Amino acid sequence: MKITLIGTGHVGLVTGACLAEKGHRVICVDNNRPKIAALKAGRIPIYEPGLEEIVRNNCRKKRLFFSTNIKTAVQGAEVIFIAVGTPLGPDGAADLTQVENVARTIAPNLKGYTVIVEKSTAPVATGEKIKAVIKKYAPADASFDLVSNPEFLQEGVAIQTTMHPDRIVLGVESKKAEEVMRKLYRDFNAPVIVTDLKSAELIKHASNAFLALKISYANALSIICELVQADVTQVTKGMGMDQRISPHFLNAGIGYGGYCFPKDLNAFFKISEDIGYDFNLLKEVQKINLGQRDRFIKKIENELWVIKGKRIGLLGLSFKPDTDDIRESPGIDIARRLSERGAILKVYDPKAMGPARAVLPNLPRRGGGKIIFCRNPYEAARQSDCLVITTDWPEFKTLDLPRLKKNMAHPTIIDGRNIFSPTQMKKLGFVYRSIGRV
Ligand code: UDX
């Protein structure tokens with residue numbers, strides 16, 4: 001099928017590449033010229049395992065194209081995806097400027113029948129607004145249907161979660177649009193759930209909020225566990241074996257980060273407020289999440305007493321493993337806060353050093369602190385009074401611990417992701433503090 005995708009962010013680019021991989025002819029459009037030039041040359045602006053290969057492969061096979069010209073790209077498309085950003089606005093609601101702009105731009109260029117898909121995460125009833133704008137600007141002989149097809153891809157495993165989704169949600173208003181979408185996803189081995197437009201829009205917000213809630217629940221439990229000297233990993237393991245609960249997204253730690261959860265939770269709270277419901281549960285989810293960062297700093301203080309002038313190694317700047325994305329990353333926040341308190345920070349991340357340098361400049365701080373960017377975890381540990389772990393990168397789990405210990409001025413590790421066993425660490429002679437475990 002002939003597909004046009006507007007917006008080449010994480011969602012747009014991965015969706016476009018995966019649809020091309022399934023044999024469709026896909027044009028990805030973005031108004032960012034340098035980005036499109038880089039993509040045309042086979043350079044991917046984000047680190048996402050497997051993506052570069054799929055993009056290059058499908059460009060070579062002439063199934064995937066990149067363009068900055070939205071007008072020509074939409075002509076002849078059977079399906080147009082709107083996958084532009086919906087960032088957080090100043091009032092906590094999603095800023096839909098880009099979505100509206102795209103709707104206005106594509107409308108006059110429509111010909112015949114087209115299915116227009118809302119892929120961006122947007123508040124419930126955004127579909128209605130997109131429809132109204134397109135109707136207003138489309139030529140009289142053009143017809144279209146709007147579909148809500150939310151994306152559930154997870155960064156770091158984006159190809160896997162797009163190629164093999166748990167479900168494909170289609171919010172439709174006509175049988176014709178449903179058939180087009182079913183044809184589009186024919187080769188995906190996933191159950192399809194067909195709903196009305198607004199329900200599909202809500203599924204996305206409801207899912208993200210529920211996953212964040214699960215994490216915050218585990219984090220609240222970790223506090224109880226610390227107070228009664230129990231082990232949160234054992235508690236959540238026991239809970240997760242109940243199929244109604246499931247073990248996923250029950251890992252306690254320094255809390256969730258990333259572009260989606262914090263933004264979508266805020267937006268969902270705002271939508272609910274606007275329509276007359278105080279979804280306070282979501283506020284509590286956010287409060288617990290940010291509280292984990294404060295508690296983590298407290299743990300560091302408990303070991304070091306005064307932060308100022310101490311050498312602290314910090315492992316993990318991306319918000320989760322297998323990505324270079326540092327948006328709303330707990331590791332970046334902790335690094336900033338420690339350096340503001342005058343620590344001499346030695347940071348390391350396998351992929352996010354470039355983006356981190358841009359937001360954590362290597363300058364002496366007011367409190368005397370500074371940030372040193374290291375080449376590997378052992379360099380970060382060298383002569384440190386303490387090492388903190390803020391992202392659960394697989395390579396941190398296999399560190400040579402005796403070597404690490406030898407490097408450190410004092411063998412104290414504060415682990416915000418529970419990647420080591422407390423018994424093992426004690427045996428090796430570390431002072432080891434983690435989350436919700438003794
Ligand atoms: C999320 C949703 O999972 C995805 O469906 C949606 O499309 C976009 O938002 P993503 O932001 O890529 O995806 O990351 P995800 O894997 O969900 O992790 C989010 C954060 O939660 C990370 O910081 C991660 O470290 C943290 N997390 C996850 C926990 O702290 N505990 C867990 O048990 C799971």
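The values are calculated or read from the model by the stated rules, or taken from the named source; none is laboratory data. A quick note: this is a predicted structure, and the numbers were derived from the prediction, not measured. Heads up, the Cβs are rebuilt from the backbone with ideal geometry, glycines too, and the neighbour counts pull from every protein chain shown. Surface accessibility is based on the protein's heavy atoms, side chains included, excluding ligands, DNA and RNA. Shrake-Rupley method; radii C 1.70, N 1.55, O 1.52, S 1.80 Å.
A few comments on the model shown:
- Report note on the peptides 430-438, 279-287: ranked by the mean count of other C-beta atoms within 10 Å, highest first, their order is 430-438, 279-287.
- Protection-proxy order for peptides 220-230, 321-331, each taking the mean of Cβ atoms within 10 Å per residue, highest first: 321-331, 220-230
- Around the amide H of V192, modelled in the peptide plane, lie the amide H atoms of I168, all under 5 Å away and 5 or more residues distant in sequence or on another chain.
- Where both bridge residues fall in the chain, DSSP classifies roughly 5% of the beta bridges as antiparallel.
- Shape category assigned to the stretch 79-172 from the gyration tensor of Cα positions, a/c cut at 1.5: oblate
- Accessible heavy-atom area order of D187, D166, highest first, probe of 1.4 Å: D166, D187
- The mean sequence distance of close C-alpha pairs (under 8 Å, at least 6 residues apart), as a share of the length of the stretch 116-257, puts its relative contact order at 21 percent.
- Under Karplus coefficients 6.51, -1.76 and 1.60, residue-wise ³J(HN,Hα) of the stretch 54-67 in Hz, glycine/proline x: 5, 4, 4, 4, 7, 5, 4, 7, 6, 10, 10, 10, 10, 8
- Over 21 Å (Cα to Cα) - which of K129/K204; K2/K198; K22/K183; K176/K204 fall in this group: K2/K198; K176/K204
- Mean separation of Cα contacts under 8 Å, 6 or more apart, over the residue count of the chain: relative contact order %: 12
- The string of couplings for the stretch 195-203 from the Karplus curve (6.51, -1.76, 1.60, θ = phi - 60°) is 9, 7, 4, 5, 5, 4, 4, 5, 4 Hz, one whole number per residue in order, with x for Gly and Pro.
- Probe 1.4 Å, protein heavy atoms only - accessible area per residue of the chain in square angstrom: 46
- E379 exposes around 30 Å² of accessible area when a 1.4 Å probe is run over every protein chain in place.
- Mean-square fluctuations from a GNM of the chain, with a 10 angstrom spring cutoff on Cα atoms, peak among G89, G316, G258 at G89.
- The calculated FRET efficiency for K427 paired with E128, based on their beta-carbon distance and R0 = 51 Å, is about 0.25.
- Whole-number D in µm² s⁻¹ for the stretch 79-235, Kirkwood Cα-pair radius fed into Stokes-Einstein, 4 °C, 1.567 mPa s: 74
- Rounded to 10°, Cα long-axis angle of helix 330-340 versus longest principal axis of the chain: 50
- Atom-type composition of the exposed protein surface of the chain places 52 percent of the accessible area on carbon and sulfur (1.4 angstrom probe).
- The stretch 148-267 has equivalent-ellipsoid semi-axes of 34, 15, 13 Å, by the square roots of 5 times the alpha carbon gyration tensor eigenvalues, sorted largest first.
- Semi-axis lengths, largest first, of the ellipsoid equivalent to the chain are 43, 24, 20 Å, with √(5λ) applied to each eigenvalue of the Cα gyration tensor.
- C28 long-range amide H proximity, modeled H, under 5 Å: L5, F65, F66, S67
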